[in-house]
């Protein structure tokens, strides 16, 4: 009965969505306020119905209702409760239901918090958002229905993919979807503005908080995915340029560019066409990511589906919305006249450089991700594009971006002087040089990567602090505390990016790796640490059995940690997994993985000493925190249109 209720609520939400995408749009075209206003209750009704549908599927998973096929294929009675809940979205059908729930959530949020929007623009935004939602309703109902019943329910299920039975994967997909789907609001604002023929400073002020929220969620989602890969997959890496990793990284880059471009539209009413294009492409790349993950064209450790027919449906959605929006853009672009004029050496010029670097770097990632597929389709050649290509092709753009960010942040609007802008950065430049000298002195083999990465990261961190101090007019700490929160948010986010730069460079340059076969009680040394395998014991969990090693680590004769890496087997799926043991530290991680027992005796053990590993995710947290701080700025919460009525053109009387 619960499953039928969820299915019925999903169909009702589909019907409400069809109403929301048509009636308010007609009302906006005709100037009928009643029809336009109906978009708001429709958006709220969609959210309520989707919440009921999603709750019904969650109940089916929690109660192990194996009469629902999806529960049978992705759950098991012995599975812990948290993984029964995360199993709701740990599969194709349930994850798409979560996707549509979040679409409805953002639509309802726009209805609730869009009171200061002009009625026609609000109606069109909600109408476009509903059209995206309706397309995914159709996709779920006709190709990926999560509520299909089984005629003869089995006594137990097939269990969830063991790799997904992890706290990191319980939270990673929802945050990632909040980012992916959140970019649909920027898309809806862009298409609504094109239909209405209004792209101005007020529009930029309205679209920025939605884009910033999506960027924050994407940052958190990507960081959680990277952390999961680091400790769960057992190979000790935090980023492998996997196609699915790239699928989330590309819209993140474009969303960052959109945030900076919208600032120019708001402050100078320039870059209008480019900003609209970024809003369309950012969500377009979210759809491309969805297509990559669910089409089966590219395989990955965390792909959801391998069904080409469903991939074609998603491809049709991608072509319709992205292609339709770009066609509308081509028609309207000549009317979006830039009003602001600025010198290349100015804040606007720096933001243009920022946008160019982010957009080109996104294109590089896209080419590297899709090239194996293109080569196979066109030439019949099987190619592999791995980390060496991405590292060499992508890194130079990030180096230039890191060099330019502190300078651009301090430059004045409209026209500036390079010499005058560099003057406040003399202190950060000296500190950066000192850090680079220190890193060079302690680097084994004098690694250039460590020195350059530490220098770029330090330049970003100290440059962000100098930017904050510059905004006080050198009037002291009292003025510093009174700065707008958006200024603080920008500084924190840029500093977080700098810390991530430092961590990535140092972990790659200074990491120590050791792979060996070791006997029980046989000590071995890795870097400055002495380790000894004391025993390997049986350690069973609720739905798995495992072999657990006990490894003691010491340094200079002092105990450091007792590490317990595991090799698990989940008997329902017959799938083994590796559980690394990590001694986390501020300056380094000690990372141990247990391998197979060797025929001649002993166990294979892989050990890493990873310096500054946690700084990677610390920097990501700071970037997301910076975005959240900016979102609390009152200027993001008050619609620009309400504060700038003089900018609106008078409507001629009929």
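Quick note: the coordinates plus some simple rules give every number you see, no bench work behind them. Predicted model only: the values in this text are computed from it and were never measured. Counting neighbours? That spans all protein chains shown, and the Cβs are built from the backbone with ideal geometry, glycine included.
Data for the structure
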item: When the convex hull of its Cα atoms is projected in every direction, mean area for segment 513-613 (nm²); result: 7.0 nm²
item: Per-selection Rg to Rh, segment 148-196 - Cα, Kirkwood hydrodynamic radius; result: 1.31
item: Segment 118-229: C-alpha gyration tensor shape, a/c 1.5 cut-off, then a/b vs b/c; result: oblate
item: Potential extension, residue 584-residue 150 segment - 0.36 nm per residue separation minus Cα distance; result: 151.6 nm
item: Ranked list, fewest to most other Cβ atoms within 10 Å of each Cβ, for 222, 616; result: 222, 616
item: Calculated [θ] (222 nm, deg cm²/dmol) that DSSP helices of n ≥ 4 give over the chain, each run adding -39,500 (n - 2.57); result: -21500 deg cm²/dmol
item: Average projection area in nm² (convex hull over Cα atoms of segment 208-257, one quarter of hull surface); result: 3.3 nm²
item: Gyration tensor verdict on segment 1-59 (Cα atoms; rounded if a/c is under 1.5, prolate if a/b is larger than b/c, oblate otherwise); result: prolate
item: Proxy reagent accessibility, fewest Cβ within 10 Å first, across 516, 205; result: 516, 205
item: Spacing of the two label points (7 Å from each Cα toward its C-beta) at residue 512 and residue 312, in nm; result: 5.7 nm
item: Relative contact order of the chain, pairs being alpha-carbon contacts under 8 Å that are 6 or more residues apart, as %; result: 12 percent
item: Alpha-carbon gyration tensor eigenvalues x 5, square-rooted, for the chain, Å; result: 42, 37, 20
item: Residues residue 621 and residue 437, FRET efficiency given R0 of 30 Å [Cβ-Cβ distance, rounded to 0.05]; result: 0.55
item: Interatomic Cα distance distribution for segment 364-519, bins of 5 angstrom, percent; result: 1, 8, 13, 15, 14, 12, 11, 9, 7, 5, 3, 1, 1, 0
item: Computed FRET value (nearest 0.05) for residue 78 with residue 343, which takes r as the C-beta separation and R₀ as 56 Å; result: 0.25
item: Percentage relative contact order, segment 513-613, counting C-alpha pairs under 8 Å, at least six apart; result: 25 percent
